[in-house]
Amino acid sequence: MPSPSPTADCGLDTTSDDPSGGYAGPPTDEQTGGYAGPPTDQEMGGYAGPPTDQETSGYAGPPTDQETATGGAGPPTDGEVGNGGGPCGPADWFDMTRDFQAYLGEHLTKGDDGTVSQQSVRETRVRKVSAAGEARITFVSYFTDDALSRDAALRLGRLFIDWRREVYGDAGSVAVRTTEGTVLVTLTW
């Protein structure tokens, strides 16, 4: 199981300019103009290191689970953890915005007109902490009245709970907040 990087902010809840809302990671050297590290052997024309086992016909190490048919490949590698990976392993926040918006498109009623919409949901993130889920919904409230904003947040929270129960059958808590970061409602399912 990959361990969190000591410099990673696994509770980070920011998005990139990308509309998918995924974590873009730290800036690249190209973006910062910083040191890009030593050049590769290809760039220098230098020594490329020792040949691989395949090139020398040497020992290739123990067989993989796929080769031995024993199964049980163990925990996923860093590249397979979460959608967008990152250093936080299974506790990463998964971007579920599109999925939740699609659910809203099928389950909003005429009574929801003017209070909540698919477009009002800016971000929906979910993660597992132990056996329970934790979710955050960020939405644009069209109301200046706090009570009406809270009602809209409550409706979104209840729709989210219906969606999680219907599609995933799991349990957890969801916090619904405005784009300014004010948590209006916290519910459990």
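The values are calculated or read from the model by the stated rules, or taken from the named source; none is laboratory data. Computed from a prediction, not measured in an experiment: that's the story for all the values here. Counting neighbours? That spans all protein chains shown, and the Cβs are built from the backbone with ideal geometry, glycine included. What goes into the accessible areas is simple: the full protein's heavy atoms, side chains included, and nothing from ligands, DNA or RNA. Shrake-Rupley method; radii C 1.70, N 1.55, O 1.52, S 1.80 Å.
Points worth noting:
- Matching residues in the stretch 130-150 - criterion: being closer than 16 Å to residue 187 by Cβ, hydrophobic (A, V, I, L, M, F, W, C) and open to solvent by 70 Å² or more (accessible area, probe 1.4 Å): none
- If you check 100, 94 for being in contact with a helix residue (DSSP H, G or I) (Cβ under 8 Å, 6 or more places away or on another chain) and either polar (S, T, N, Q) or surrounded by 13 or more Cβ atoms within 10 Å (Cβ to Cβ) (or both), only one passes: 100.
- Pairs linking a residue in the stretch 149-169 that is farther than 14 Å from residue 120 by Cα and touching a residue at least 60 places away in the same chain (Cβ under 8 Å) to a residue that is of a type outside the set (Gly, Ala, Ser) and assigned to a helix (DSSP H, G or I), with Cβ atoms under 7 Å and 6 or more positions apart or on different chains, are 163/100; 163/103.
- Meets criteria (surrounded by fewer than 20 Cβ atoms within 10 Å (Cβ to Cβ) and in contact with a helix residue (DSSP H, G or I) (Cβ under 7 Å, 6 or more places away or on another chain)) for residue 123: yes
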